[in-house]
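K.L.:
Quick one: the structure is below, questions incoming.
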Amino acid sequence: MNTYAQTDKGVSWGAFRSAEPEFCDAVEKRFRAHRHHVLGTLRADGSPRLTGLEADFRDGEMWLGMMPRSRKALDLRRDPRFSLHANPGSGSDMDDGDARVGGLAVEVTDPAELARWAAGAPDGVPEQFHLFRVRLTEAVRVSIEAPDIVFRVWHPGRPLRTIRRGNDDAPPRED
């Protein structure tokens, strides 16, 4: 049972794309660069749990599929808030920057919708699984544009923000 009071329902991946197409493409490209990512959920006691996860982009949605009764699925059933960090890959160059999204994971329980999603899964799915549709409340991309570290931050209903910070004590600057 979900005990989290949903105050912000977030938006679909398609709505994100409509609002900020170039930024959405850059974030999605980062997620598509590698198969496995790091999902952050909240345990029953409120402490964070980090686990591996694959993300799927189809039909204007970002989907999160999980094994039946996995800890992360049970966490999301109880409290749908999550953060998903794109796999940084090997090495340290990070040419495409770093990306993460956060929001609410809404469980899909309709058998017809589950069957449609499973039929389109490229590697197949187990007979039983949990499926969550992402509702974004933020998307962040971090990159290095010498001499600054640059944070591009998007929230539904707000313009894309660009914040630059140098490697000194100066305050961050916003474009």
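K.L.:
Which residues, taken from region 87-115, are open to solvent by less than 50 Å² (accessible area, probe 1.4 Å) and in contact (Cβ under 8 Å) with a residue 24 or more places away in the chain?
P.N.:
Matches in region 87-115: Asn87, Gly89, Gly97, Asp98, Ala99, Val101, Gly102, Gly103, Leu104, Ala105, Val108.
K.L.:
Right, next: Consider only pairs whose beta carbons are under 8 Å apart and that are at least six residues apart or on different chains; among these, list those whose first residue lies in region 40-51 and is touching a residue at least 24 places away in the same chain (Cβ under 8 Å) and under 7 Å from Asp75 (Cα atoms) and whose second residue is among the aromatic types (Phe, Trp, Tyr) and part of a strand (DSSP E or B).
P.N.:
Note: pairs meeting the criteria are Thr41/Phe82.
K.L.:
Can you confirm whether region 57-64 contains a residue that is in contact with a strand residue (DSSP E or B) (Cβ under 9 Å, 6 or more places away or on another chain), free of Cβ contacts under 8 Å to residues at least 24 places away in the same chain and on the phi < 0 side of the Ramachandran plot? Reasoning before the result, please.
P.N.:
Going through region 57-64, the residues in contact with a strand residue (DSSP E or B) (Cβ under 9 Å, 6 or more places away or on another chain) turn out to be 57, 61-64.
Among the residues that remain, those that are also free of Cβ contacts under 8 Å to residues at least 24 places away in the same chain are: none.
Checked against the condition, which is being in contact with a strand residue (DSSP E or B) (Cβ under 9 Å, 6 or more places away or on another chain), free of Cβ contacts under 8 Å to residues at least 24 places away in the same chain and on the phi < 0 side of the Ramachandran plot, region 57-64 yields no hits at all.
K.L.:
Go through region 27-48 and give me each residue that's open to solvent by less than 60 Å² (accessible area, probe 1.4 Å), of a type in the set (Gly, Ala, Ser) and not in a strand (DSSP E or B).
P.N.:
Answer for region 27-48, where residues must be open to solvent by less than 60 Å² (accessible area, probe 1.4 Å), of a type in the set (Gly, Ala, Ser) and not in a strand (DSSP E or B): Ala33, Gly46, Ser47.
K.L.:
Hey, any hits in region 77-86 for a residue that's surrounded by 14 or more Cβ atoms within 10 Å (Cβ to Cβ), farther than 20 Å from Arg152 by Cα and under 14 Å from the mean Cα position of the chain (by Cα)?
P.N.:
Yes: one or more hits.
K.L.:
Among Pro88, Pro159, which is the only one that is more than 22 Å from Phe57 (Cα to Cα) and out of contact with any Lys or Arg (no Cβ under 6 Å at 6 or more places or on another chain)?
P.N.:
The match here is Pro159.
K.L.:
Still on this structure, please answer the following. Report the residue count in region 147-163 for those that are assigned to a strand (DSSP E or B), under 17 Å from the mean Cα position of the chain (by Cα) and not aliphatic (A, V, I, L, M). Even if it seems obvious, please write down each step before you answer.
P.N.:
Just the residues of region 147-163 that are assigned to a strand (DSSP E or B), to begin with: 148-154, 161-163.
If we keep only those that are under 17 Å from the mean Cα position of the chain (by Cα) too, we end up with 151-154.
Retained after the next criterion (residues that are not aliphatic (A, V, I, L, M)): 151-152, 154.
Residues meeting the conditions: 3.
K.L.:
Any residue at all in region 44-66 that's among the β-branched types (Val, Ile, Thr) and more than 27 Å from Asp96 (Cβ to Cβ)?
P.N.:
No, there is no match, as no residue in region 44-66 is among the β-branched types (Val, Ile, Thr) and more than 27 Å from Asp96 (Cβ to Cβ).
K.L.:
Let me ask you something else. Can you tell me which residues in region 49-70 are small (Gly, Ala, Ser), touching a helix residue (DSSP H, G or I) at 6+ places or on another chain (Cβ under 9 Å) and surrounded by 13 or more Cβ atoms within 10 Å (Cβ to Cβ)?
P.N.:
Ala55, Gly65
K.L.:
Return the total of residues in region 113-144 being of a type in the set (Val, Ile, Thr) and within 24 Å of Val11 (Cα to Cα).
P.N.:
Of region 113-144, the ones of a type in the set (Val, Ile, Thr) are 125, 134, 137, 140, 142, 144.
Keeping just the survivors that are within 24 Å of Val11 (Cα to Cα) gives 134, 137, 140, 142.
Residues flagged as of a type in the set (Val, Ile, Thr) and within 24 Å of Val11 (Cα to Cα) within region 113-144 amount to 4.
K.L.:
Do you know which residues across region 116-127 are closer than 22 Å to Leu104 by Cα and open to solvent by 50 Å² or more (accessible area, probe 1.4 Å)?
P.N.:
If the condition is that a residue be closer than 22 Å to Leu104 by Cα and open to solvent by 50 Å² or more (accessible area, probe 1.4 Å), then Arg116 is the only one that fits.
K.L.:
Please determine, by comparing only the residues of region 128-165 that are of a type in the set (S, T, N, Q) and farther than 18 Å from His85 by Cβ, which one is surrounded by the fewest Cβ atoms within 10 Å (Cβ to Cβ). I'd like the intermediate steps shown before the answer.
P.N.:
Taking region 128-165 as the starting set, the residues that turn out to be of a type in the set (S, T, N, Q) are 128, 137, 143, 162.
Restricting the remaining residues to those that are farther than 18 Å from His85 by Cβ gives 128, 162.
On the way: Gln128: 9, Thr162: 15.
Checking each candidate, the answer is Gln128.
K.L.:
If we only count strands (runs of 3 or more DSSP E) wholly inside region 49-124, which ones have 2 or more residues that are of a type in the set (A, V, I, L, M), under 21 Å from His34 (Cα atoms) and modelled with pLDDT of 95 or more?
P.N.:
In region 49-124, the matching strands (runs of 3 or more DSSP E) lie at 61-66, 98-108.
The values are calculated or read from the model by the stated rules, or taken from the named source; none is laboratory data. This structure is a prediction, so every number in the text was calculated from the model and none was measured. FYI the Cβ positions are ideal-geometry reconstructions off the backbone, even for glycines, and counts take in every protein chain you see. Remember, those area values only see protein heavy atoms, side chains included, never the ligands or the DNA or RNA. Shrake-Rupley method; radii C 1.70, N 1.55, O 1.52, S 1.80 Å.
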